[in-house]
Every structure is written in C-alpha cells, then in structure tokens.
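Here is the structure we will look at.
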Amino acid sequence: MQKLKLGILGSGKGSNFRAIADAIVRDELNAEVRVVISDVETAGILDLARERSNRAVFLAPGKFRTKLEPHVEEQLVALLKESGVELVVLAGYMRMIKAPLLDAFPRRIINIHPSLLPAYPGIAAWKQAVEAKASKSGCTVHYVDAGMDTGEIIAQVEVPVFQADTAETLHERIQAEEHRLYPEVIRRIAAR
C-alpha cells in the first residue's frame, strides 16, 4: 500500500511532529513526511526535521500576527503541492488557515487542539481549563475550516483536571495523549 504523503506545519518545538515521525520509523504509520514548514525561523520543529533528514522550510509570514499574508499562503500551497503532499498536518501551527490553503486541500487539513472542543478554542486551552476549574479537558483532532478550532471533530481523548493541577502539569498530561492520538488518527486516514 502506498504511503500517505504528509506536509507538517508547525510554529514551535515540534513534539507532535516528533511523535508522528517516530510512529513512521516504528512502522506504526504508513506515511512519509514530504516537507516540514514553519512560520518561525528559529522553531524547534525545523531542527527536528533536519535531524531526520526531512525537508525543512521557513516561510516568512509577513506583517500579520495570526495569519499569513495572502501571497505567502499561495506560496505555502505551491510548496505543499510541489512536495506531493496529500494530507496537511498542523502540529502546533499558530496561524489561521485561509481560503488558498483550504481550497487547495479540502478535508485534507487536520489539526490537534489541547482541549475537548468545542470547549476552550484558541491559544493556551490548558490554561483556560485550569482557570475555569474544569473537571476534564483533553485533546481533539479535527478537520480545519476557516474558523478557529471549529472544524469537524475526528477524535478526542479525555484527560481529567485534578484540583492540584497547574496549567503546566495539565498541559504535560494533555501532550502525552496528543502524542498517542495524532499518529493514530493519521494511521486511520492512511488506511482509507
């Protein structure tokens, strides 16, 4: 069976990319990473990609803080298509996705979010859960649409919020579940 060709977008350390790449190496995931792209030149995800001999590309985002400039998003689409990407995987990518990318990869862009969506969309969801004194949180893999964390939910894993939890301890437990859930969802997509 042919390997699912992945394009990974990330803005940070790259722990979810590492989990996906490790699952591929262990033959638990029938996929290959074709390109890793970041909007942050010094992002750890680019270093991790280079260490694994994956193509690593910094794409300067332009003047906006929460999205790419339209011409940059067109460059992103061209880069993904030129790399033969079939599924775009957001792994800590901190920008909103807009029409050029959504149109180029309909229902082929997924994201992982550190809450049980629709609860706590947006940035630092684990902090939101602790501040709200929630009894549970978790992580969600969803298809990406034009809204903020509003796309169709694919899978979720629940994580309890303990009274003694800080934002950091809860985030650590959520990330451990993310690292299991994300490769599993991609494995299911690859098996279709």
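A short reminder: the numbers here are calculations on the coordinates, not readings from a lab. Since this is a predicted model, take the numbers as computed values, not measurements. Cβ: placed from backbone, ideal geometry, glycine included. Neighbour counts: every protein chain shown.
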With Cα coordinates, the longest principal axis of the chain makes an angle with the long axis of helix 15-25, in degrees rounded to 10, of 60
Can you give the FRET efficiency for Ala146 and Arg55, using 1/(1 + (r/R0)^6), R0 = 22 Å, r = Cβ-Cβ distance, to the nearest 0.05? 0.20
Give the Cα extents of the chain along the principal axes, in whole Å, largest first. 49, 40, 30
What residues of the stretch 8-50 lie in the reach of a label at Ala155, counting those whose backbone N is under 17 Å from a point 7 Å from the Cα along Cα→Cβ? 16-32
Under a Gaussian network model of the chain whose springs join Cα atoms within less than 10 Å, the largest fluctuation of Ser15, Ser135, Ser115 belongs to Ser135
Pull out the extension gain between Met1 and Arg65, defined as 0.36 nm times the separation in residues minus the alpha carbon to alpha carbon distance; nm, one decimal. 19.0 nm
Placing +1 on the Cβ of each Lys and Arg and -1 on the Cβ of each Asp and Glu in the chain, which of Ala190, Cys139, Ile20 has its Cα farthest towards the positive end of the resulting dipole? Ala190
With 10 angstrom as the radius, rank Ile109, Ile123, Ile154 by how many other C-beta atoms surround their C-beta, starting from the fewest. Ile123, Ile154, Ile109
When the label point is put 7 Å from the Cα of Thr42 along its Cα-to-beta-carbon vector, which residues of the stretch 1-26 have a backbone N closer than 17 Å? 11-14
Simple label model, 7 Å out from Cα along Cβ direction - Arg26 to Ala176, nm: 1.5
